[in-house]
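In what follows, a structure is listed as structure tokens, so that the remarks can point back to it.
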Amino acid sequence: MKFLCVSCDEAMKLMEVAPPDRGSLSVVYRCPTCAQEIAMLTNPFETQVVSSLGVQIGADSDPMDGESRCPFSSMVPELGAPGEESSPELRWSPEASSRLANMPEFARPLAKAGIEKFAKERGLGEIDLGVLDGARKSMGM
Amino acid sequence: MKGYYDISGDGGSNVLAQVDAQQARIAQNLSLVRNLLAIGSGKGGVGKSTMTMQLACALRRQGYAVSIMDADLNGPCQARLGGLRETILLPGASGATVPTTESGIGVVSMATLVPEPRAVEFESVATGSSHTWRATKEFTILRELLEGMDWGKLDYLLVDLPPGVERIVQYAELLGPTAMFVLVTIPSELSKGVVARSIEALKQTSNPILGYIENMDGYFCQDCQRVKPLYPAQSSIQFELPRLGTLPFDPALAAHCDRGGSLADLSTLPSWPLLQRIAEEMLKRAAELTPSEETR
């Protein structure tokens with residue numbers, strides 16, 4: 001989708017994407033010539049078109065951050081998993097976080113919960129690559 | 001006034017670039033997988049999933065490195081069949097580690113994430129419209145599995161497809177033109193009629209179809225140790241495809257599947273020689289259609 005400033009006949013530039021609000025995205029565009037700004041306000045169906053592709057408007061081509069696309073997130077609390085939020089007493093090393101981010105996004109909440117449970121049971125305060133290896137070994141991987 | 005194609009780029013949304021980047025990552029992630037083999041039918045309840053696991057066992061027994069991707073997100077079976085229901089996906093060095101059965105077969109199935117009897121729920125920001133987006137979201141999840149699992153070096157990645165004739169072409173598109181298809185039917189006219197539609201649908205693609213397997217072709221009676229008929233011997237529907245083999249319904253095999261039995265257990269069952277023969281026919285046919293298969 002592109003936006004054209006009709007009076008300047010100039011392509012407008014995407015400036016800002018606000019976080020989703022009840023399924024609606026607010027995307028601000030500005031004309032580089034006259035500085036006129038407009039906002040594209042999507043309805044939930046339009047938002048879903050993009051989110052169903054597994055991408056985000058204005059995101060970098062290397063994804064892995066931002067809003068969860070987990071189709072099972074409503075189940076996470078029932079499974080005893082804390083979801084995307086880390087336990088406050090546990091730290092994740094950058095290397096371990098990076099490995100988690102390389103997993104399919106929908107599988108991350110359960111993986112994170114399982115690893116944190118593994119770490120807590122062993123009284124560990126930080127999750128690093130060694131803990132990830134230990135968790136995998138404990139599951140026979 | 002300028003039109004869409006007068007303006008370079010995509011307006012800053014970067015949506016197309018993200019989709020392209022994802023495709024590139026999938027190709028990279030599957031670069032060490034020598035053969036993609038999709039097991040489908042179009043018809044439900046004909047034994048696609050059990051056949052997929054049994055073929056994986058037969059290939060594994062021959063020394064091949066084999067994994068299964070359970071593409072049936074809504075009725076996933078492979079975790080149970082592989083005895084991996086209590087496993088979760090965990091991060092490895094290059095994506096999520098693929099859980100393996102005790103026989104060494106990798107299995108990725110939604111059933112490891114969603115315990116029975118829960119159903120997978122496809123959430124949607126457009127409240128009450130999840131049905132509208134289901135297919136798109138399903139294929140997004142499958143792309144993420146292809147992209148985000150550490151498949152590693154494999155001789156065969158078997159993809160257990162869900163039922164649905166119209167979707168078989170979509171899976172062919174997802175897996176790419178080198179993915180080979182094997183179709184499973186039972187001898188009934190009802191099933192064969194649906195499988196005939198799948199064959200016709202796959203003609204729209206350039207994907208090779210290795211052949212079909214006739215499952216539940218008779219009933220293996222454990223009392224008399226003989227195969228007895230389940231369906232009329234003659235069918236009015238004939239496929240212009242090689243029949244890779246037949247497998248009778250075997251209660252011992254069904255029990256083995258339900259408990260997620262091992263390859264060692266499977267190889268003691270009367271059906272095992274038939275499964276091995278089907279796998280051999282499948283490999284022979286694959287070699288005929290892709291002569292350089294061994295060197296790929």
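The values are calculated or read from the model by the stated rules, or taken from the named source; none is laboratory data. All values reported here derive from a predicted model rather than from experimental measurement. Every residue, glycine as well, gets a Cβ built from its backbone with ideal geometry; the counts of neighbours run over all protein chains shown.
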Those residues of the range B:66-97 which are within 12 Å of chain A (Cβ to nearest Cβ) and either modelled with pLDDT of 95 or more or outside any loop (DSSP other than H, G, I, E, B) (or both) amount to B:Met69, B:Leu90, B:Pro91, B:Gly92, B:Gly95, B:Ala96, B:Thr97
Looking at the range A:115-129, which of its residues are surrounded by fewer than 20 Cβ atoms within 10 Å (Cβ to Cβ) and either within 7 Å of another protein chain (Cβ to nearest Cβ) or of a type outside the set (Lys, Arg) (or both)? A:Phe118, A:Glu121, A:Gly123, A:Leu124, A:Gly125, A:Glu126, A:Asp128, A:Leu129
Output yes when any residue across the range A:81-96 is at pLDDT 50 or above, out of contact with any Cys (no Cβ under 9 Å at 6 or more places or on another chain) and at the interface with chain B (Cβ under 9 Å from one of its Cβ atoms), and no when none is. yes
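Looking for something outside any loop (DSSP other than H, G, I, E, B) and under 16 Å from the mean Cα position of the chain (by Cα) - is there at least one such residue anywhere in the range B:26-33?
From the range B:26-33, those outside any loop (DSSP other than H, G, I, E, B) are B:26-29, B:33; that's our starting set.
Imposing the further condition that a residue be under 16 Å from the mean Cα position of the chain (by Cα) reduces the set to B:33.
For the range B:26-33, residues outside any loop (DSSP other than H, G, I, E, B) and under 16 Å from the mean Cα position of the chain (by Cα): present.
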Does B:Gly42 satisfy the criteria of being assigned to a loop (DSSP other than H, G, I, E, B) and either more than 14 Å from every other protein chain (Cβ to nearest Cβ) or touching a Pro at 6+ places or on another chain (Cβ under 8 Å) (or both)? yes
Need the failing condition index for A:Val17 against (1) over 21 Å from B:Gln23 (Cα atoms); (2) at pLDDT 90 or above, just the number. (2)
Kindly provide the set of residues from the range B:162-193 that are touching a residue at least 60 places away in the same chain (Cβ under 8 Å) and closer than 19 Å to B:Leu289 by Cβ, ordered by number. B:Ile168, B:Tyr171, B:Ala172, B:Leu175, B:Gly176, B:Thr178, B:Ala179, B:Met180, B:Phe181, B:Val182, B:Leu183, B:Val184
Answer yes or no as to whether B:Leu161 is under 27 Å from B:Gly45 (Cα atoms), in contact with a helix residue (DSSP H, G or I) (Cβ under 8 Å, 6 or more places away or on another chain), at the interface with chain A (Cβ under 10 Å from one of its Cβ atoms) and crowded, with 24+ Cβ neighbours inside 10 Å. no
List the number of the failed condition for B:Ile278; all other conditions in (1) buried (at least 18 other Cβ atoms within 10 Å of the Cβ); (2) of a type in the set (Val, Ile, Thr); (3) over 19 Å from the mean Cα position of the chain (by Cα) hold. (3)
Condition first: in contact with a helix residue (DSSP H, G or I) (Cβ under 8 Å, 6 or more places away or on another chain), facing chain A (nearest Cβ under 10 Å), assigned to a loop (DSSP other than H, G, I, E, B) and of a type outside the set (Gly, Ala, Ser). Can you find one or more residues in the range B:136-143 that meet it? no
Any hit, the range B:125-137, residues being within 30 Å of A:Arg22 (Cβ to Cβ), surrounded by fewer than 16 Cβ atoms within 10 Å (Cβ to Cβ) and aliphatic (A, V, I, L, M): yes
When you look at B:Ser198, is it of a type in the set (S, T, N, Q) and surrounded by fewer than 23 Cβ atoms within 10 Å (Cβ to Cβ), yes or no? no
Set B:Ser103, B:Ser130, B:Ser124: member being facing another protein chain (nearest Cβ under 7 Å) and either over 25 Å from A:Val55 (Cβ atoms) or modelled with pLDDT under 90 (or both): B:Ser124
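If we scan the range A:48-71, do we find a residue that is basic (Lys, Arg), at pLDDT 75 or above and not in a helix (DSSP H, G or I)? Working first, answer last.
Initially, the range A:48-71 is screened for residues basic (Lys, Arg), giving A:69.
Right, trim to at pLDDT 75 or above and you get none.
Looking for residues that are basic (Lys, Arg), at pLDDT 75 or above and not in a helix (DSSP H, G or I), one finds none in the range A:48-71, hence no.
Filter the range B:1-21 down to the residues that are in a helix (DSSP H, G or I) and more than 7 Å from chain A (Cβ to nearest Cβ), then identify the one that is nearest to A:Glu105 (Cα to Cα). Explain how you work it out, then say what you get.
To start, the set of residues in the range B:1-21 that are in a helix (DSSP H, G or I) comprises B:4-6, B:15-21.
Within this subset, residues satisfying the condition of being more than 7 Å from chain A (Cβ to nearest Cβ) are B:5-6, B:16, B:20.
Numbers: B:Tyr5: 34, B:Asp6: 36, B:Leu16: 19, B:Asp20: 18 Å.
Only one residue tops the list, namely B:Asp20.
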